[in-house]
Amino acid sequence: MIQAHHLTKRYGAKTAVDDLCFTVQPGRVTGFLGPNGAGKSTTMRMILGLDRPSTGSVTVNGKPYAQHRAPVHQVGALLDAKGVHPSRSAYDHLRAMAATHGIPRTRVREVIDLTGLSAVAGKRVGGFSLGMGQRLGIAAALLGDPQTIILDEPVNGLDPEGVLWVRTLTRQLAAEGRTVVLSSHLMSEMAQTADHIIVIGRGRLIADAPMREILDGGTRARTRVRTEEPARLADLLTSAGGHVITGSSDALEATGLTTRQIARIALDHHVLVHELVTLQASLEDAYMELTKDDVEYHSLELATEGR
Ligand SMILES: Nc1ncnc2c1ncn2[C@@H]1O[C@H](COP(=O)(O)OP(=O)(O)OP(=O)(O)O)[C@@H](O)[C@H]1O
């Protein structure tokens, strides 16, 4: 479990993390989201004792990271997959880490197998692809068999098989009762992996809720209707209080009416409908709505920079 209590970090005049309070529960995957510069890395660094809070505190399994006698067994993290000596083999890198922390060699083999690195474990890390480097970083995070796992952008550079592997692995770790924190800018992947979402913006907490609640609180439910008479149906739905948001020659999307109401209107007016689907609000839509006022680096600002 991770508990942040009025966690704050200032760099000079800049407040990177601003009075954050949250609890990350074990047994589920928690997605940690926020626009660039929101303070995610700073928060993760403070959880891992790599940065000190200016005020407030954060604990892992009840204690600040530095106060754990064997922290690698408490929390494992992937923060920067590039921090490995390039001339070392993956096996030697993990073996050296294991030796430092009194972890047996058998565990090194276990994490190599678990992360699919067996075939390349003897090769120089300098020749690794981005995806292989990510797998090595995850292997290192799991080395101490930690109760809490923090993975910052773990699917960066992974191919579809690798992305699916991270999803399955993180879900399995959570199912074993571990605390799993995942940050990613890939919303569709996050939507399929996380059970719970914490969103921050400009260092402050914006949302801390189950995935379902985040999705339901986002854009209102949309329904897609395929029909041969979209224009006529659009008029009928609008007069019934619905809002037609998109239309084409054979389909439309509407909000404000249930699928049942739409089906009834179509039937009553003899409009043939050959598809009627409730479209799930996407995490991306919900996220954009939540963070629209907290994006630090607007594209417009970038475009006008230097004028
Ligand atoms: N060492 C530092 N000195 C000064 N400012 C810093 C330092 N580290 C981070 N910041 C600032 O604090 C804010 C939060 O940065 P942080 O890297 O935690 O954001 P992030 O959410 O991880 O962003 P990204 O998604 O881009 O990685 C940013 O405005 C950043 O410029």
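The values are calculated or read from the model by the stated rules, or taken from the named source; none is laboratory data. Model, not experiment: these values are computed from the prediction. A quick note on method: Cβ atoms are made from the backbone with ideal geometry, for glycine too, and the neighbour counts reach across all protein chains shown.
Of all the residues in segment 25-57, those that are more than 14 Å from the chain's Cα centre (by Cα), within 21 Å of Leu169 (Cα to Cα) and either within 12 Å of the ligand (Cβ to nearest atom) or small (Gly, Ala, Ser) (or both) number 1. Hey, among Val108, Val60, which residue is away from the ligand (no atom under 16 Å from the Cβ), among the aliphatic types (A, V, I, L, M), modelled with pLDDT of 95 or more and over 25 Å from the mean Cα position of the chain (by Cα)? After ruling out the rest, the residue left standing is Val108. Note on segment 188-223: residues that are touching a residue at least 40 places away in the same chain (Cβ under 8 Å) and under 21 Å from Ile149 (Cβ atoms) total 12. Given the criteria out of contact with any helix residue (DSSP H, G or I) (no Cβ under 6 Å at 6 or more places or on another chain) and modelled with pLDDT of 90 or more, does Glu253 qualify? So Glu253 passes the test. The combined condition, being among the basic types (Lys, Arg) and either in contact with an Asp or Glu (Cβ under 7 Å, 6 or more places away or on another chain) or under 22 Å from Pro154 (Cα atoms) (or both), is not fulfilled by Arg232. Can you tell me which residue in segment 63-94 is farthest from the chain's Cα centre (by Cα), limited to those that are assigned to a strand (DSSP E or B) and closer than 23 Å to Val111 by Cα? Here the residue is Ser89. Kindly check whether there is at least one residue in segment 65-74 that is touching a strand residue (DSSP E or B) at 6+ places or on another chain (Cβ under 8 Å) and within 16 Å of the ligand (Cβ to nearest atom). Taking every residue of segment 65-74 in turn, none turns out to be touching a strand residue (DSSP E or B) at 6+ places or on another chain (Cβ under 8 Å) and within 16 Å of the ligand (Cβ to nearest atom).
Exactly one residue among Leu50, Leu117 is closer than 14 Å to Gln134 by Cα and surrounded by 13 or more Cβ atoms within 10 Å (Cβ to Cβ), and that residue is Leu117.
For segment 176-209, filtering for residues that are away from the ligand (no atom under 15 Å from the Cβ) and over 16 Å from Val24 (Cβ atoms) leaves 4.
The test for being within 16 Å of the ligand (Cβ to nearest atom) and at pLDDT 85 or above does not hold for Thr227. Scanning segment 1-24 for residues that are more than 8 Å from the ligand (Cβ to nearest atom) and free of Cβ contacts under 8 Å to residues at least 40 places away in the same chain yields Ala13, Thr23.
Yes or no, residue by residue, for (1) within 15 Å of the chain's Cα centre (by Cα); (2) under 19 Å from Ile47 (Cβ atoms):
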| site | (1), (2) |
| --- | --- |
| Gln147 | no, yes |
| Leu164 | yes, no |
| Thr168 | yes, no |
| Glu176 | no, no |
| Leu186 | yes, no |
| Ala209 | yes, no |
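Of the numbered criteria (1) within 25 Å of Met187 (Cα to Cα); (2) out of contact with any Gly (no Cβ under 8 Å at 6 or more places or on another chain); (3) surrounded by fewer than 23 Cβ atoms within 10 Å (Cβ to Cβ), the one Gly131 fails is (2).
Quick check on Gly27: is it among the small types (Gly, Ala, Ser), closer than 21 Å to Ile198 by Cα, surrounded by 19 or more Cβ atoms within 10 Å (Cβ to Cβ) and touching a residue at least 60 places away in the same chain (Cβ under 8 Å)? Against the criterion (among the small types (Gly, Ala, Ser), closer than 21 Å to Ile198 by Cα, surrounded by 19 or more Cβ atoms within 10 Å (Cβ to Cβ) and touching a residue at least 60 places away in the same chain (Cβ under 8 Å)), Gly27 does not qualify.
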